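Everything below concerns the one structure shown next.
The values are calculated or read from the model by the stated rules, or taken from the named source; none is laboratory data. Keep in mind the model is a prediction, meaning the values are calculated, not measured. Cβ atoms come from the backbone with ideal geometry, glycine included; neighbour counts cover every protein chain shown. Only protein heavy atoms, including side chains, enter the accessible area calculation; ligands, DNA and RNA are left aside. Shrake-Rupley method; radii C 1.70, N 1.55, O 1.52, S 1.80 Å.
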Amino acid sequence: MVIPLTLLAFAALVAAVAPRLLTRAAWADREPVLALWVWQCVVAAVLLCCGLAMSLSAAVAWAQVHSGVFAPAPAAVRDAYGDTTGAPWAAALALALAAGGLWTAVMFVREVRTARVQRRRRREELRRRAPLLPGEESGAERLVVLEGERPDAWWLPGGQAAQLIITTAALRRLKKRQLDAVLAHEMGHSRARHHWLQHCAGALAGVPRMPVFRAFRDEVHRLCELAADDVASRRFGRMTFATALVELNEDRGVFGPGPGHHGHHAHLPQRVDRLLAAAPRFTPARRLRLTVAALLAPAVPLLVAFGPGLSALA
């Protein structure tokens, strides 16, 4: 069957070309939410190609699967896909793709469990540093103030028990409007469920020999931060939030000369520069065109897989 090989060829093309185009695209920093959407469409296209290729290869390899997949279909549709079964290459391909899918599921479960363990540890540390007073209930307060020498603020996800943590040093250093901007940034992460997107990206990054998923993981973290930056800057102003970022992080040395920084604070200088540059957003019409164009990526494997059957029915 040619269709599974065509799907895999398209997946390889998308996986090779799309990350290079997206990481070099200057517009992604101007429209981080749109860039996240395009990345998700690219990843969905690759996953659809692999899933459909696995199903069709299994139908070619084993008669039982073939009858299960095509049993409800009219005779014209079965003829369009062919009824050849027993090809050894098809069995190997189906098993390899199934192993990749199982590995991805395992990585996702591990990613979620690791995040929960880390979140539990952070909550235990939070209870140790800010013990409950008599009559208080755990998780009842959405905002928790911690005694701390370093200015910092972060969101601790957890559904109804989610909390925003801020240190006393941050309260002393930030003005009221700057503090409100920081809170809006963290709430932007919460409302958009960025932690779930990062879990999915982290799980996919564990799939071997798939650089597109590793690029997706790296870009998701950066773009989520830019998207939350935009939430804060639209409500309280770019200058207000940029100065708040500087006030919170100037003691970390990320803005001074020296070797490149890594981890959570690696992109802080670029984020501040972006806020100060104040590049204009795309027009709504242009955003709509890019949104629709991104949908073509997952639409192609669906057309390739179902096209012969739809043509036969027509």
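Residues in region 237-276 that are over 18 Å from GLU219 (Cβ atoms), modelled with pLDDT under 90 and of a type in the set (Gly, Ala, Ser): GLY253, GLY256, GLY258. Only residues that are within 30 Å of VAL33 (Cα to Cα) and not in a helix (DSSP H, G or I) were counted in region 283-314, giving 1.
Scanning region 116-144 for residues that are modelled with pLDDT under 65, of a type outside the set (A, V, I, L, M, F, W, C) and surrounded by 10 or more Cβ atoms within 10 Å (Cβ to Cβ) yields a total of 4.
Is it the case that VAL292 is open to solvent by 70 Å² or more (accessible area, probe 1.4 Å), at pLDDT 90 or above and either more than 30 Å from VAL2 (Cα to Cα) or not acidic (Asp, Glu) (or both)? Yes: the conditions hold for VAL292. Of all residue pairs spaced 6 or more apart or on separate chains, those with beta-carbon atoms under 6 Å, a first member in region 17-34 that is within 25 Å of ARG234 (Cα to Cα) and a second member that is in a helix (DSSP H, G or I) are ALA28/ALA35; ASP29/ARG274; PRO32/LEU223; PRO32/LEU226; PRO32/ALA227; VAL33/ALA227; LEU34/ARG287; LEU34/LEU290. Restricting attention to region 14-39, the residues being open to solvent by 60 Å² or more (accessible area, probe 1.4 Å) and farther than 26 Å from ALA278 by Cα number 1.
Here GLN198 meets each of (1) open to solvent by less than 40 Å² (accessible area, probe 1.4 Å); (2) under 11 Å from the mean Cα position of the chain (by Cα) with one exception, condition (1).
Scanning region 205-232 for residues that are part of a helix (DSSP H, G or I), touching a Leu at 6+ places or on another chain (Cβ under 8 Å) and open to solvent by 30 Å² or more (accessible area, probe 1.4 Å) turns up just one, ARG217.
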